[in-house]
Amino acid sequence: MKKSILILLVTTVVAFSASWSMGPGGLSGWPGLPCSDILEAGLLRAGMSIEYTDTDDGSILRVPLKCCWGVTEDIEVGAVIPMVPVDKPYDGSIIGDITLSGGWLYEKARGGTALKFTGRLTFPSGEKHRDRGSELAVGGVTSTTFLDFRLSLSAEYALNGGRNPFDDTISDIMYFTAGGSSFVTPDILLYAAMNGSTTSMFKAGGGVQYLLQENLAIDGGINIGLADYENFNIYTGVSWTGEGF
C-alpha cells in the first residue's frame, strides 16, 4: 500500500513538473533555465516577454517573440525573434539576433530523469556589441525530479563567427546552466538558475510562473549580472499553448 502511494505521488509530481513556458532558443523550459521536456506532438506554444536590462552605459528594452512546436513525440523546434525598441548603450538594430533551435528527447527513465540533445543556429541580425552574433551550437540538458523539486543541468558548445562568419575569426564557447524548479501550488511554480560561459559571462536569478488558464501562463523574474556588461535584468512574459497543429 505504501509503495503504491509513493509511486502515485512521484507520477503526479513528474506530470506537474512540465514547463508551461519557453526557455532559451524557444525550446521547453523557463527564461534562463532549459529543461528536458519536449512539447507534445501537434502542440504549438507561442509567447512574448518584455525585458528591461540595466548596464553601466544605459538601459536596453527587449521584446522577444517566441514559439515552440512539438513535431513528434520526441522532437520539438523553437524560434526567437527579439525586438529591441530601446537601446541606449549602442543605438543598434531594432531587431536582435534571430535564433532557430531544436530538441530531441534521447532517453527518459522512470522517476522523471531525462536527457535531451539540443541544436541551435543564431543569425547575426542584431547589434555587434549588444548581441552574440552568428553561432552554431550543440548541447544537452538533463533534468531529474526529487519529489517536489526538479534539478536541471545543461551544457552547450558553440562556434561563434561574430557579425560575419565568413570574414571574422571563428571562436569556440561553452555555455553552462544549473538550476531548479518547484511547484508551490498546482498553478504556481518557482525557478532559479545560474548561467555562465567561458567568455566570462556569469549571472544568477530566478522567477515565478503562474498558470492563468489551462493553456495560458504568465511569468516574471530578475537576473543579476555577476560578470558581464549587464548589471541586472527584469522581465515578464506570457505564453499560450494550442492544439491541432
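The values are calculated or read from the model by the stated rules, or taken from the named source; none is laboratory data. Everything quoted here is computed from the prediction, not taken from an experiment. All Cβ positions, glycine included, derive from the backbone under ideal geometry; neighbour counts span all protein chains shown. What goes into the accessible areas is simple: the full protein's heavy atoms, side chains included, and nothing from ligands, DNA or RNA. Shrake-Rupley method; radii C 1.70, N 1.55, O 1.52, S 1.80 Å.
Observations
- The alpha-carbon atoms of the stretch 56-164 define a convex hull whose volume equals 130 cubic angstrom per residue.
- Span per principal axis, largest first, for the Cα atoms of the stretch 172-245 (Å): 40, 29, 19
- Cβ crowding within 10 Å averaged over residues, with 222-234, 40-52, 123-135 ranked highest first: 123-135, 40-52, 222-234
- Taking Cα centre as origin and charging only the Cβ of basic (Lys, Arg, +1) and acidic (Asp, Glu, -1) residues, the dipole magnitude of the stretch 141-235 rounds to 160 debye.
- Kirkwood radius for the stretch 107-245, taken over all pairs of different Cα atoms as the inverse mean of 1/r, rounds to 17.2 Å.
- Gyration tensor verdict on the stretch 123-164 (Cα atoms; rounded if a/c is under 1.5, prolate if a/b is larger than b/c, oblate otherwise): prolate
- About the centre of its Cα atoms, the chain shows a dipole size close to 700 debye [charges on the beta carbon of Lys, Arg (+1) and Asp, Glu (-1) only; nearest 20 debye].
- Atom-type composition of the exposed protein surface of the chain places 65 percent of the accessible area on carbon and sulfur (1.4 angstrom probe).
- ILE234 versus ILE94: modelled label distance in nm, points set 7 Å from Cα along the beta carbon direction: 2.5 nm
- Among SER154, THR72, THR122 the positive-end extreme of the charge dipole of the stretch 67-158 (Cβ point charges): SER154
- Quotient of C-alpha Rg and 2.2 N^0.38 Å, computed over the chain: 1.01
- Remark: relative contact order (the chain) = 18 percent; criterion is Cα-Cα distance under 8 angstrom and separation of 6 or more residues.
- Amide hydrogen proximity for PHE232: with H placed 1.01 Å from N in the peptide plane, the residues at 5 or more positions away or on another chain lying under 5 Å are ASP54, GLY225.
- Taking the Cα centre of the stretch 48-186 as origin and assigning +1 to Lys and Arg Cβ atoms and -1 to Asp and Glu Cβ atoms, the resulting dipole is close to 400 debye.
- Our note on the geometry: Cα centres of the stretch 222-245 and the stretch 55-89, 8 Å apart.
- Non-local Lys pairs in the chain, i.e. 8 or more apart or on different chains, that have alpha carbons under 28 Å apart: 12
- Given charges at Cβ of Lys, Arg, Asp, Glu: the stretch 102-225 dipole, positive-most of ALA109, THR185, GLY220: ALA109
- Amide N proximity, the stretch 128-146 versus ALA109 label position 7 Å along Cα-to-Cβ, cut-off under 18 Å: 140-146
- A simple spin-label model places pseudo-atoms 7 Å from Cα toward Cβ; at PHE123 and ASP172 they are separated by 2.8 nm.
- Here the extension length gained between LEU136 and LEU216 equals 25.6 nm, from 0.36 nm per residue of separation less the Cα-Cα distance.
- Contour minus Cα-Cα distance for ASP187 and THR72 (0.36 nm per residue): 38.7 nm
- For the chain, the solvent-accessible area with a 1.4 angstrom probe is 51 square angstrom per residue.
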